[in-house]
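Each remark here refers to the structure printed beneath this line.
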Amino acid sequence: MPTSSVYHEKQMRQLCALHALNNLFQGDQSYTKEELDDICNNLSPNVWINPHRSVLGLGNYDINVIMTALQKRNCEAIWFDKRKDPSIIDLDSIVGFILNIPSDYKFGIITLPLRRRHWIAVRRIGNSYYNLDSKLRQPELLGNEADMLQFLREQLSDEIQQRELFLVLEQRDGEENGQRWIKQTSRNAVV
């Protein structure tokens, strides 16, 4: 599939969580800043400074907001233990991935010495996987399953940068999601 037909929101302000969610779902049932702000207010009502977004209210949403937003679309995020190899993931059981990575803070062309966090989405579209990072000019074609798993390994192996991976799965009524994202052949080996 050509990257021109892949939905890709580009970074605006501190709204990477919003862009990651909309890129993950490919614009279908898009989220809005107002919807994520409402989630923040419901998570921490009656507070002067909301701990789930930036002090100025410009975005920079935390994982609690993303998890609640996913639940509104009948999905959930499961934290992936980066000590395990991504090859244990049953790729057919997930919607996609959300990565939390470090990001430099830039003001124009000047990089400030502030360490920020950035949310990106990765998912399969057709037969290929894409990095849908909103800071990219266009979606990055990762390739097939092996290419995408190598990308995840590289992301998670950088211990200095402290990256986190969340698997996004559809919720199923009455079913424990516990380990249904783990390949059947790997379940016995996973502790």
Subset of region 43-81 (residues that are at pLDDT below 90, open to solvent by 50 Å² or more (accessible area, probe 1.4 Å), farther than 17 Å from H118 by Cβ and part of a loop (DSSP other than H, G, I, E, B)): P45, N46, V47, W48, I49, P51, V55, L56
Considering residues that are surrounded by fewer than 17 Cβ atoms within 10 Å (Cβ to Cβ) and closer than 11 Å to T68 by Cβ, the number found within region 30-40 is 2
Residues of region 122-167 that turn out to be surrounded by fewer than 19 Cβ atoms within 10 Å (Cβ to Cβ), over 14 Å from the mean Cα position of the chain (by Cα) and in a loop (DSSP other than H, G, I, E, B), as a count: 11
Within region 14-25, does at least one residue satisfy the condition of being open to solvent by 70 Å² or more (accessible area, probe 1.4 Å), in a helix (DSSP H, G or I) and either modelled with pLDDT under 85 or within 28 Å of W181 (Cα to Cα) (or both)? no
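The values are calculated or read from the model by the stated rules, or taken from the named source; none is laboratory data. Every value quoted in this text rests on a predicted model; they were computed, and no experiment measured them. Cβ coordinates were reconstructed from backbone atoms using ideal geometry, including for glycine residues, and neighbour counts include every protein chain displayed. Heavy atoms of the whole protein, side chains included, go into the accessibility calculation; ligands, DNA and RNA do not. Shrake-Rupley method; radii C 1.70, N 1.55, O 1.52, S 1.80 Å.
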